[in-house]
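Shown next, in structure tokens, is the structure this report addresses.
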Amino acid sequence: MSEYQIAEQFLSINGEGPRSGQLAYFIRFPGCNLNCSFCDTKWANRPGVPTEKWTDRQLAEAVRKSGAGLVTLTGGEPLLQKDLGLLLDTLAEETETLAEIETNGSIDIRPMAERVNRPYFTLDCKLPGSGMQGHMLPENYELLCPEDTVKFVCGSREDLDVARDVMNRYDLRERCHVYLSPVFGRIEPADIVEYMKEHRMNGVTLQLQIHKFIWDPDKKGV
């Protein structure tokens, strides 16, 4: 048994990716090794953020009681957590949910990707507008499978250019789901559509964070 500091947990819909709009139970860990300019969960990354201690079995029971078919481990950066593999084992043993890890792309996913109970990954690729582009770990792309996702959060045409280059260099469209997502309030989604048309970006999906349209964009627990 292991204990984890949890910033929040809740049942909602998945706001992004191939399972967008589907029910998911979210477990948010505090703390991150990056500091993206557009981060919408900075509150969870600040030192001293209020947390509660939960064991792996308590978390699994909360997931089971929620009735959700998907559990999303997010943050912050969940791959910073000690004993994350134990939590995945317990979730696999005690629930019938699929597990997904949302990670910022700067930490080696191999220890989790090579597990018997391998989770799905939603892996960010940070672009120039984030201020964190130089922290990416391209080796992660080789470990992705068709059920995984790479997400590019774009705030400018420069970001789109870099995203397109990374997609092509690492054959991401042949490896996994690929999404472009606008920085909320910084670029118009229509401009991304025009860019996709201009460059014939088949196999790429534009996504909007639907939870920010259903609820206040700054609302927690959704």
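The values are calculated or read from the model by the stated rules, or taken from the named source; none is laboratory data. Nothing here was measured: the structure is a model prediction, and the numbers come from that model. Please note: Cβ atoms are built from the backbone with ideal geometry, for glycine as well, and neighbour counts cover all protein chains shown. In case anyone asks, the SASA skips ligands and DNA or RNA and just uses the protein heavy atoms, side chains included. Shrake-Rupley method; radii C 1.70, N 1.55, O 1.52, S 1.80 Å.
What the table below lists for this structure:
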{"read-out": "Point-charge dipole on Cβ atoms (K/R +1, D/E -1) for the chain, about Cα centre, debye to 20", "value": "320"}
{"read-out": "Under 5 Å, built H, 5+ apart or other chain: amide partners of I13", "value": "A24"}
{"read-out": "Cysteines in the chain that, by Cβ-Cβ distance, have no pairing candidate under 4.7 Å", "value": "C32, C125, C145, C154, C176"}
{"read-out": "Inter-site label distance for E174 and L80 at 7 Å from Cα along Cβ, in nm", "value": "3.6"}
{"read-out": "Amide proton proximity set for V71, modelled H, under 5 Å, gap of 5+", "value": "Y25, L98, A99, E100"}
{"read-out": "Integer Hz, Karplus 6.51/-1.76/1.60 couplings in order for region 84-97, x for Gly and Pro", "value": "5, x, 5, 4, 4, 4, 5, 4, 5, 6, 10, 9, 10, 8"}
{"read-out": "Region 33-143: C-alpha gyration tensor shape, a/c 1.5 cut-off, then a/b vs b/c", "value": "oblate"}
{"read-out": "When each of K151/K220; K53/K151; K42/K82; K42/K197; K42/K220; K42/K151 is checked by Cα-Cα distance, pairs over 23 Å", "value": "K53/K151; K42/K197"}
{"read-out": "For region 110-123, 3J(HN,Hα) per residue [Karplus equation, 6.51 cos²θ - 1.76 cosθ + 1.60, θ = phi - 60°, Hz, x = Gly/Pro]", "value": "3, x, 8, 5, 9, 6, 4, 8, 4, x, 6, 10, 10, 10"}
{"read-out": "Listed values (1) 1.07; (2) 0.99; (3) 1.27, entry calculated as Cα Rg over 2.2 N^0.38 Å", "value": "(2)"}
{"read-out": "Ellipticity estimate at 222 nm from DSSP helix runs (n ≥ 4, -39,500 (n - 2.57)) divided over the chain, nearest 500", "value": "-7000 deg cm²/dmol"}
{"read-out": "Gain upon complete extension [E158, K197; 0.36 nm per residue less C-alpha separation]", "value": "12.4 nm"}
{"read-out": "Gap separating the Cα centres of region 171-193 and region 10-48, nearest whole Å", "value": "18"}
{"read-out": "Hz values of 3J(HN,Hα) by residue in region 14-24 - Karplus curve (6.51, -1.76, 1.60), Gly and Pro given as x", "value": "6, x, 9, x, x, 9, 4, x, 8, 4, 8"}
{"read-out": "In nm, spacing of pseudo-spin labels at R46 and F213 (7 Å Cα→C-beta vector)", "value": "3.1"}
{"read-out": "Loop GluC sites (Glu not before Pro), region 1-77 (other Cβ atoms within 10 Å of the site Cβ: 16 or fewer; DSSP)", "value": "none"}
{"read-out": "Accessible surface of the chain [probe 1.4 Å, protein heavy atoms]: carbon and sulfur percent", "value": "48"}
{"read-out": "Accessible area (Å², per residue) of region 84-156, counting only protein heavy atoms and a probe of 1.4 Å", "value": "39"}
